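FYI, it's all coordinate maths here, none of it is from the lab. Owing to the predicted nature of the structure, the values given are computational and were not obtained by experimental measurement. Note that each Cβ is placed from the backbone with ideal geometry, even for glycine, and that neighbours are counted across all protein chains shown.
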Amino acid sequence: MSRTIRRLTLAGSPEARGALHGQTYADSIRVYAQSRVKLSTVGTRLGREDAITLATRCLPHHERYAPDLHAELLAMCVAAGISPAEGVIVGGYTDFLDVVRAVDMGAPIEDTCTAALVPPSATDGLGGLFTQTWDMHASATPHVVMLRHEPEGGLAALTFTTVGCLGQIGMNEAGICVGINDLSSLGGRLGVTWPFVVRKVLQQDNLHDAVRAVVEAPLAGGHNYQLMDRHGAGVNIEWMPGRVEVTPLGDTPIAHSNHCVLPTTFARQAPRPEALQRSSLERLRHADSLLSARPITVESLMALTRDETWICRHPEPPFEYETCGAVVMSPAAGRLWAVWGRPSEGEYEAFDLRP
């Protein structure tokens, strides 16, 4: 079903931005937070209060890593009527699952997103491009929103995200863009959840500092990050607690799904259900095949996200994951295209960062 993406501009101080976010989507944030907290303990011996306790213990790590984003999170939570711990879970759910897994191995395994960095040499004059499906438990789809961030004294940015989450996929006015794939780790720990890392990346005006924002983060769980600048330089970062691997983008696109591809990070990967591992392997293989055609264009990347052989996903029991949306970004042009819901059933909308 095609939907027009909701848009909200958050300007001013961290507290003002968080308060407007929370006030605008208070009802939806409360529903979403309740769902996320419940899902985080499915299959475990833990209850709601156990999850809240673990998330509360992660909060000091968020404050030390990015005090301004921590202030924004707290203001959003107050305005929406949820606790700060619920704010950690509703935004950083997939990393939080790794924290839960460190306590109880029965924690759910997420299997979400297919992404690709495309070098300028493959695009015939368009510069570098990035694309990503945003796959998640189907209950997340109603909560999609596009946020425009205009912080005091900082860089404007766009993030394709969900209500209650500070940012999931995005690009800033300096041309830095970032996307993610979830990885399930055996080494989850009390730490920072990935939306804070996405937003800190988007506070940077160069790729070097953007990469540092990822590799120096005390992350709570495993994630893969793909970063690119307006010149088409990019990196793929497999981040597992205790191990980080940075792979520079060369002349061949780098696609990634939900399993570690490097031995050092694979050794830290949690056991995955056979169906999910097959899905991740097939999505990666299929993305690589689709990316072999030249030239790669914005339209061909949109087509990749719409491919229903493997990449555009429909919810199926017992996991109920679907493609809740997708994004294509051109950092050289300062333009982002996004679709809400399964791309095969919707139309992309254009968003511009530059005036």
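Assorted remarks:
- Each residue, Arg294 and Glu308, gets one label point 7 Å from its Cα in the Cβ direction; the gap between the two is 3.2 nm.
- Centroid-to-centroid separation of segment 271-342 and segment 138-197 [C-alpha atoms, Å]: 18 Å
- Cα gyration tensor category, rounded, prolate or oblate, for segment 115-352 with a/c compared to 1.5: rounded
- From the C-alpha gyration tensor of segment 1-61, square roots of 5λ in Å: 28, 19, 9
- Cα shape, segment 1-148, gyration tensor, a/c 1.5 rule: oblate
- Helical contribution to [θ] at 222 nm, DSSP H n ≥ 4, -39,500 (n - 2.57), averaged over the chain, rounded to 500: -11000 deg cm²/dmol
- Considering only alpha-carbon pairs that sit under 8 angstrom and 6 or more positions apart, the relative contact order computed for the chain is 21 percent.
- The reciprocal of the average 1/r between distinct C-alpha atoms defines the Kirkwood hydrodynamic radius, which for segment 155-194 equals 12.0 Å.
- For the chain, built as a Gaussian network whose Cα springs stay under 10 Å, the top-fluctuating residue of Gly191, Gly164, Gly125: Gly125
- Cα gyration tensor, segment 246-355 - rounded (a/c under 1.5), prolate or oblate: oblate
- The label-point distance for Leu8 and Arg354, in a model that sets each label 7 Å from Cα toward Cβ, rounds to 2.9 nm.
- Computed over segment 60-107, Kirkwood Rh from alpha-carbon pairs, angstrom: 11.5 Å
- Stretch gain in nm, segment Phe266-Met105, where the contour uses 0.36 nm per residue and the Cα spacing is subtracted: 56.2 nm
- From phi via Karplus (6.51, -1.76, 1.60), per-residue ³J(HN,Hα) for segment 167-179 in Hz, x at Gly/Pro: x, 10, 9, x, 8, 10, 5, 7, x, 7, 10, 8, x
- Exposed-site-free run, longest, the chain (rule: GluC sites (Glu not before Pro); DSSP loop; at most 15 other C-beta within 10 Å): 1-151
- When the convex hull of its Cα atoms is viewed from all sides, segment 87-194 shows a mean projected area of 8.6 nm².
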